[in-house]
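Here's the structure we're looking at; comments come further down.
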Amino acid sequence: MPDYKLDKERALDFLKEFIDPDTGDAKYADQLEEIANRERQILEIDIDDVASYHDTETLVDGLENNTKRYAKIVSEAADAAMPQPSRLDFEEDTFDILYKQRLERMQELQAQGIEVGSSSANLPAELVRRFDVVVKPAAKQRPLRLREVSADHIGRLVVLQGTVTQVTDVKPLLTVATYLDRNQATEAYQEVSGRTFCPLDAPPDEPGQEKRPKADLKMQTRGSRFVRFQEMKLQERAIEVPQGATPRSLVIHLRGTLTRTCKPGDSVTVAGVFLPQPYTGFRAMRAGLLTTTYLDAMSVTQDKRSYKDTAADGSLRAQIEEIAQSGDVYDRLASSLAPEIFGHEDVKKALLLCMVGGVTRQLPDGMKIRGDIHVCLMGDPGVAKSQLIKHIAHISPRAVYTTGKGSSGVGLTAAVQRDPVTGEMVLEGGALVLADKGICCIDEFDKMEESDRTAIHEVMEQQTVSIAKAGITTTLNTRTTLLAAANPAYGRYDPRRSPAENIALPAALLSRFDLMWLILDKADQERDRRLASHVLSVHKEGHAAAPTEGPAPLSPDLLRAYVAAAKSHDPFFPEDLTEYVAAVYAEMRQEEAQAQVPHSYTTARTLLSILRLSQALARLRFSDYVCQADVDEALRLMRMSKVSLLETGPQREQKDPVSLIYEAIRDDAQRSGKQSYTWGDLSLLIGNKFSADQIRAAVTEYADYNVFTLDYPRPDEPTVHIGAYELEEQ
């Protein structure tokens with residue numbers, strides 16, 4: 001059994017005698033002096049300091065495994081060790097005034113010959129105490145996953161990591177209730193430990209005290225003590241959620257100075273006491289729910305982990321340094337992305353730079369220039385777009401994966417819900433908010449409703465979400481990289497149409513993507529043979545074959561650690577490169593102006609994209625500055641992304657007859673709802689504009705694309721069948 005009296009004496013000695021070995025100062029005696037002078041409100045007890053003190057073995061065990069009780073013991077020891085204030089120029093608060101009034105009343109009664117006790121004998125310590133005890137975990141204590149917290153941790157000091165999804169408004173929480181007995185002109189006090197309490201109807205009886213007359217108690221709000229209180233919901237990180245499982249969450253109680261320190265979407269580390277809390281209400285009793293759990297927070301810190309924290313293992317850190325010193329970092333890291341997927345070398349390089357990102361600049365006037373690199377993959381079905389972005393969501397330390405049809409505008413930004421405790425409306429962060437400082441992967445981007453897609457415009461450039469719902473007006477941070485995958489209009493890419501006609505997305509949204517990459521499923525005998533061999537090898541071996549030349553691909557853990565290491569660098573642009581980049585940008589604008597049919601638009605956003613890609617390449621080298629080779633590679637990637645669009649577009653402004661015939665058939669089918677056309681129908685529809693040979697050539701070519709299906713009831717007079725999928729507007 002613990003000896004609480006002895007542990008209180010040990011805590012008192014520790015607070016008075018402990019000397020910081022690094023600075024030589026009386027660390028906790030100085031904190032107590034600042035508290036006495038009203039310059040500090042927190043007494044922070046470091047468990048490592050307690051463990052280093054020679055006579056506090058049981059005190060360490062109590063602070064770790066019975067935290068709430070021993071925090072109270074330390075508070076009582078601090079009250080006993082509290083020095084007299086060295087300055088009296090601080091402003092008096094309510095309790096100073098009430099204490100003086102009580103003292104004057106006691107002196108008046110004593111002058112009248114009435115025997116009274118001490119003026120503060122019956123005052124609870126919680127009422128007059130002006131500090132809170134915070135226990136700092138030991139450095140060796142590792143953060144737990146939410147799924148690792150169990151009943152064994154109740155009452156203990158635990159450390160958790162997660163993402164904030166919901167934060168309530170700040171409310172006053174009653175900790176000590178003061179009552180006035182109007183019959184006896186005396187006061188009674190009630191300490192409140194939870195969120196709910198039952199008011200007193202009579203003063204508590206004291207041992208050996210005579211029976212009192214009937215009391216008439218009235219609660220005195222001014223004499224009671226309230227603290228700021230806020231509830232926060234912490235959800236486990238996406239990387240910790242098992243495949244197919246629902247993310248778990250835990251309610252966090254924030255008090256005092258910890259309130260208003262977090263917003264939905266923040267990634268935080270919370271230290272506190274894991275405690276049970278009884279349910280209240282008839283519904284809870286009927287359902288058999290007796291208790292729930294929450295974490296009484298003692299400290300909340302924003303996660304700003306460097307690669308040294310990510311790569312805690314020394315061997316992993318050594319591997320990172322070895323890779324950084326090799327000469328093929330860029331190609332090796334790109335080939336390590338989804339090695340089971342054949343080809344797409346440049347696409348994988350673009351995705352690698354998307355993971356690393358550029359540098360976000362915060363200007364003195366408040367303007368922010370984003371550093372996140374947005375990428376959109378557009379292409380035919382079956383070219384592994386979804387597999388690529390799912391792999392990025394798995395590799396990235398903080399990523400959220402969703403689909404266009406399965407996401408609403410509210411689900412992407414923020415939802416307004418009613419808090420079951422207070423009944424007020426509170427915000428709960430959506431996918432883009434939860435992916436703050438990470439990557440949000442949206443598959444089937446073209447299948448989203450236009451009203452839901454408009455929520456992404458502000459996110460991509462301003463990196464904020466402005467909410468004005470149910471009386472709540474606020475702005476949440478969404479410093480998120482957007483990685484999208486989409487199909488062309490009408491299912492497959494039509495090489496005879498322009499890119500603007502094939503891409504069923506608004507130009508205002510496309511201009512916000514740094515790289516827009518088109519991936520087509522072209523028939524090539526040699527490439528198809530190599531692709532089939534690769535796929536069969538993966539199915540046979542269960543993994544991608546080792547490369548014949550060069551080193552093996554990096555493991556996901558090592559790749560994740562290297563990306564985290566690269567993001568810790570902040571490269572700048574040298575003065576001699578500014579003229580080079582300006583000249584290249586001016587040349588790109590001139591080439592576009594001279595083109596008869598431009599398929600892309602070079603704007604100032606394009607210039608910023610070049611800078612971001614160059615900074616990401618410099619980060620991969622662990623360099624503090626951008627070199628010309630980085631700029632050249634960034635320009636090459638942008639050129640290749642544009643080439644993927646230009647190679648498929650028409651070479652002249654006038655459309656060819658095949659495209660015009662297809663458009664006429666498609667438009668009539670959408671208007672009339674017809675699913676098949678005979679040769680006579682086609683002759684009546686477009687026979688006056690084109691010859692029979694042109695019509696036959698058009699339907700035959702689109703039949704080769706699997707857009708039309710032909711049968712021949714009569715020779716040379718086919719019947720054309722059109723699938724509903726090809727006619728559906730995307």
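Key figures
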quantity	calculated
Filter result (crowded, with 22+ Cβ neighbours inside 10 Å and in a loop (DSSP other than H, G, I, E, B)) within region 348-369	GLY357, GLY358
Some residue of region 105-119 being assigned by TED's automatic domain parsing to the domain that holds GLU9, assigned to a helix (DSSP H, G or I), hydrophobic (A, V, I, L, M, F, W, C) and within 23 Å of GLU9 (Cα to Cα)	no
Residue among VAL164, VAL176 that alone is part of a strand (DSSP E or B), in contact with a helix residue (DSSP H, G or I) (Cβ under 8 Å, 6 or more places away or on another chain) and among the β-branched types (Val, Ile, Thr)	VAL176
Listing of helices (runs of 4 or more DSSP H) fully contained in region 1-67 that carry 1 or more residues being farther than 18 Å from ASP79 by Cα	47-52, 57-65
Residues of region 218-264 that turn out to be in contact with a helix residue (DSSP H, G or I) (Cβ under 7 Å, 6 or more places away or on another chain) and within 20 Å of SER299 (Cβ to Cβ), as a count	5
Number of positions in region 370-389 that are closer than 13 Å to ALA484 by Cβ, not in a loop (DSSP other than H, G, I, E, B) and not aliphatic (A, V, I, L, M)	4
VAL135 being at pLDDT 90 or above, assigned to a strand (DSSP E or B) and of a type outside the set (Lys, Arg)	yes
Filter result (aliphatic (A, V, I, L, M) and in contact with a helix residue (DSSP H, G or I) (Cβ under 7 Å, 6 or more places away or on another chain)) within region 265-274	VAL273
Set SER336, SER407: member being hydroxyl-bearing (Ser, Thr, Tyr), on the phi < 0 side of the Ramachandran plot, touching a helix residue (DSSP H, G or I) at 6+ places or on another chain (Cβ under 6 Å) and in contact (Cβ under 8 Å) with a residue 40 or more places away in the chain	SER336
Residues of region 48-86 that turn out to be under 13 Å from ARG156 (Cβ atoms) and crowded, with 21+ Cβ neighbours inside 10 Å, as a count	5
Pair list, Cβ under 8 Å, 6 or more apart: region 375-390 residue in contact (Cβ under 8 Å) with a residue 24 or more places away in the chain and in the same structural domain as ALA634 (by TED's automatic domain parsing), other residue among the basic types (Lys, Arg) and buried (at least 24 other Cβ atoms within 10 Å of the Cβ)	LEU377/LYS385; GLY379/LYS385
Every pair of residues 6+ apart whose Cβ atoms lie under 7 Å, when the first sits in region 662-674 and is at positive phi and among the hydroxyl-bearing types (Ser, Thr, Tyr) while the second is loosely packed, with under 14 Cβ neighbours inside 10 Å and not in a helix (DSSP H, G or I)	none
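For (1) outside the structural domain of ALA414 (by TED's automatic domain parsing); (2) under 21 Å from TRP517 (Cα atoms); (3) surrounded by fewer than 17 Cβ atoms within 10 Å (Cβ to Cβ); (4) polar (S, T, N, Q), each residue gets a yes or a no:
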{"site": "VAL459", "(1), (2), (3), (4)": "no, yes, no, no"}
{"site": "ILE467", "(1), (2), (3), (4)": "no, no, no, no"}
{"site": "THR474", "(1), (2), (3), (4)": "no, no, yes, yes"}
{"site": "THR480", "(1), (2), (3), (4)": "no, yes, no, yes"}
{"site": "LEU483", "(1), (2), (3), (4)": "no, yes, no, no"}
{"site": "ASN487", "(1), (2), (3), (4)": "no, yes, no, yes"}
{"site": "PRO495", "(1), (2), (3), (4)": "no, yes, yes, no"}
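Conditions (1) farther than 28 Å from GLY438 by Cα; (2) modelled with pLDDT of 85 or more; (3) within 35 Å of the chain's Cα centre (by Cα), marked per residue:
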{"site": "ASP524", "(1), (2), (3)": "yes, no, no"}
{"site": "ALA544", "(1), (2), (3)": "no, no, yes"}
{"site": "PRO551", "(1), (2), (3)": "yes, no, yes"}
{"site": "ALA566", "(1), (2), (3)": "no, yes, yes"}
{"site": "PRO598", "(1), (2), (3)": "yes, no, no"}
{"site": "SER609", "(1), (2), (3)": "no, yes, yes"}
{"site": "ALA618", "(1), (2), (3)": "no, yes, yes"}
{"site": "ARG621", "(1), (2), (3)": "no, yes, yes"}
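The values are calculated or read from the model by the stated rules, or taken from the named source; none is laboratory data. On a predicted model such as this, the values are computed, not experimentally measured, just so you know. Cβ atoms come from the backbone with ideal geometry, glycine included; neighbour counts cover every protein chain shown.
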